[in-house]
Amino acid sequence: MRDQAEKLRVLAKNLKHQVETEIKGIQKRTRIIAVTSGKGGVGKTNFTINFALALMALGQRVIILDADLGLANIDVMLGINPKYNLYHVLKGEKSIQDIIVPGPEGLLIIAGGSGIQEMANLRRWQVEQFLGKLEELEGMADILIIDTSAGLSRNVMSFVLAADEVIVITIPEPTAIADAYGLVKAMTAKKKHGEVHLVVNKVENAQEADITANKLSIVAERFLKLNIGHLGFILDDPNVSKAVKSQAPFLLKYPKSSATVCVKKLAAHMLEKEFNPEPSGVKAFFGKIAKLFG
Ligand SMILES: Nc1ncnc2c1ncn2[C@@H]1O[C@H](COP(=O)(O)OP(=O)(O)OP(=O)(O)O)[C@@H](O)[C@H]1O
Ligand SMILES: [Mg+2]
């Protein structure tokens, strides 16, 4: 019951915001950001949740799409249990509104489940119908953040190539840096992808982050002609793991911790960056994914 009431409150708030912005005539389309990494376990899911909360604290309406089919992801980290996911929308059993689960502080979460993969098995008109439903997300959120799996699978690459922007997470270890390079290399092998931002996680200090970011950006510049923006870093902080164990975001559980301070800075940096999207949007985004899968 509490869940339902909270969900209604959040949806009402979103609707109010939508109406207000439409009246003011400043309706902007949803900014779609994929969070990914070459190597697994470098902190994508922790980053996604806490970055989303930091963006919300700066006045953004944020929806997270959990696109990782692996275990221990957004739901486990927040102690929530989404009953339905995009698969149920695709099958026509649920609407988008039905599958949205409220997280802390009004954060909205959607589980991808096998819905995305299943698009490959649909007929053209069924894909169109599904995309029409996904269009509802436009206007519900200023930012859609997608937590992907690690690596170069078709699933991950589809999200990465379709998103407006990509945040690549790495840690300072050589294996993680090499895998991050492999990922951006695979991205540049395809013609089109969004702007790439780098976040260096679990660093001892700012200098270690700079050294790591430079290693990657120099080779990317030289061999791939790719410019990687260094969005910033997150310090190695024992409170991150403590927060995970209590299934609460560190940003809320440890608001003064060093990881929290870092993530707040990253959110502010992200909003400072100019965002001049093509006039497409959520529907076009999933349309591209359907194509990449088809
Ligand atoms: N800044 C940090 N300081 C200390 N520990 C961290 C930090 N960021 C992440 N961790 C720890 O790293 C581990 C992996 O984090 P997380 O699950 O977010 O990674 P992931 O990239 O999403 O993993 P996967 O690839 O399996 O989805 C967690 O145990 C978390 O506690
Ligand atoms: Mg994860």
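Computed from the coordinates by the stated procedures, all read-outs in this text should not be read as laboratory data. What you are looking at is a predicted structure, and each value in this text was computed from that prediction instead of being measured. Don't worry about glycine lacking a Cβ; one is built from the backbone with ideal geometry, like all the others, and counts go over all protein chains shown.
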Exercise. Tell me, what is the percent relative contact order of the range 179-294, built from C-alpha pairs under 8 Å that lie six or more residues apart?
Worked result: 21 percent
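How do Val196, Val168 rank when sorted from fewest to most other Cβ atoms within 10 Å of their own Cβ?
On the way: Val196 22, Val168 26.
If I rank by nearby Cβ atoms, fewest first, I get Val196, Val168.
Given 0.36 nm per residue, what is the gain on full extension from Thr188 to Lys265 after removing their alpha carbon distance, in nm?
Numbers: separation 77, 0.36 × 77 = 27.72 nm, distance 2.81 nm.
Answer, rounded to one decimal: 24.9 nm.
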Exercise. Which FRET efficiency value, to the nearest 0.05, do you get for Ser258 and Ala120 by plugging their Cβ-Cβ distance into 1/(1 + (r/R0)^6) with R0 = 35 Å?
Worked result: 0.25
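Just rank Lys242, Lys39, fewest to most, by other beta-carbon atoms within 10 angstrom. Don't skip to the answer; put the middle values down first.
On the way: Lys242 14, Lys39 19.
In order of increasing Cβ crowding within 10 Å: Lys242, Lys39.
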For this session: Calculate the tail of P(r) for the range 121-170: the fraction of all Cα-Cα distances greater than 12 Å, expressed in %.
Result: 72 percent
Exercise. Short version: ³J(HN,Hα) in whole Hz for each residue of the range 185-195, in order, from phi by Karplus 6.51 cos²θ - 1.76 cosθ + 1.60 (θ = phi - 60°), x for Gly and Pro, what are they?
Worked result: 5, 4, 5, 6, 5, 7, 5, 10, 8, x, 5
Problem set entry | Relative pair counts by distance (%), Cα atoms of the range 27-113, 10 Å bins | 16, 48, 32, 4
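Once the convex hull of the C-alpha atoms of the range 118-274 is built, how many Å³ does it hold per residue, rounded to a whole number? Could the numbers behind the result be given before it?
Working: hull volume 23.8 nm³, N = 157.
In the range 118-274, the Cα hull volume divided by residue count equals 152 Å³.
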Exercise. HN-Hα J couplings of the range 233-247 from phi, Karplus 6.51/-1.76/1.60, θ = phi - 60°, integer Hz, Gly and Pro as x?
Worked result: 9, 10, 5, 5, 9, x, 5, 4, 5, 4, 5, 4, 4, 9, 6
Exercise. Scanning the chain for GluC sites (Glu not before Pro) in DSSP loops with at most 12 other Cβ atoms within 10 Å, what's the longest stretch left with none?
Worked result: 94-203
Exercise. Amide H to amide H under 5 Å from Glu195: which residues, 5+ apart in sequence or cross-chain, H placed 1.01 Å off N in plane?
Worked result: Val166
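Which whole-number percent is the relative contact order of the chain (Cα, under 8 Å, 6+ apart)?
Numbers: 518 pairs, mean separation 73.6, N = 294.
It rounds to 25 percent for the chain.
So for the range 217-263, if I pair up every lysine 8 or more residues apart or on another chain, how many of those pairs have alpha-carbons under 30 Å apart? Don't jump to the answer; show the numbers that get you there.
Values: Lys242/Lys253; Lys242/Lys256; Lys245/Lys253; Lys245/Lys256.
Qualifying lysine pairs in the range 217-263: 4.
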Seminar exercise, completed: With the dipole of the chain defined by +1 on each Lys or Arg Cβ and -1 on each Asp or Glu Cβ, the option from Ala120, Gly229, Ile143 whose Cα lies farthest towards the positive pole is Ala120
Seminar exercise, completed: Phi angles of the range 108-120, converted by Karplus (6.51 cos²θ - 1.76 cosθ + 1.60, θ = phi - 60°) into ³J(HN,Hα) in whole Hz with x for Gly and Pro, give 10, 10, 10, 8, x, x, 8, x, 5, 4, 5, 4, 4
Exercise. Can you give the Kirkwood hydrodynamic radius for the chain, in Å, rounded to one decimal and based on Cα pairs?
Worked result: 19.3 Å
For this session: Collect residues whose amide H, placed 1.01 Å from N in the peptide plane, falls under 5 Å from the amide H of Ile146; neighbours closer than 5 in sequence don't count.
Result: Ile33, Ala34, Val35, Leu65
Problem set entry | Inter-label distance for Leu58 and Lys28, nm, one decimal - labels placed 7 Å from Cα along Cα-to-Cβ | 1.1 nm
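Quick check on the chain: helices-only [θ] at 222 nm, where DSSP H runs of length 4 and up contribute -39,500 (n - 2.57) each and the sum goes over total residues. Nearest 500, please. Mind dumping the intermediate values first?
Details: 14 runs with 149 residues, N = 294.
Helix-only estimate at 222 nm: -15000 deg cm²/dmol.
Using the count of nearby Cβ atoms within 10 Å as a rough guide to exposure, how do Leu198, Leu122 rank from fewest to most? Let's see the in-between values first.
Working: Leu198 23, Leu122 16.
Going from sparsest to densest Cβ surroundings: Leu122, Leu198.
Between Asp98 and Leu69, take the C-beta separation as r, use R0 = 25 Å, and let me know the FRET efficiency to the nearest 0.05. Working shown, then result.
Numbers: r = 21 Å, r/R0 = 0.83.
After rounding, the FRET efficiency stands at 0.75.
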Exercise. So if R0 is 30 Å, what FRET efficiency would Glu135 and Phe275 give, r being the distance between their Cβ atoms, rounded to the nearest 0.05?
Worked result: 0.95
Problem set entry | Unit charges on C-beta of K, R, D, E only; dipole of the range 214-282, Debye | 320 debye
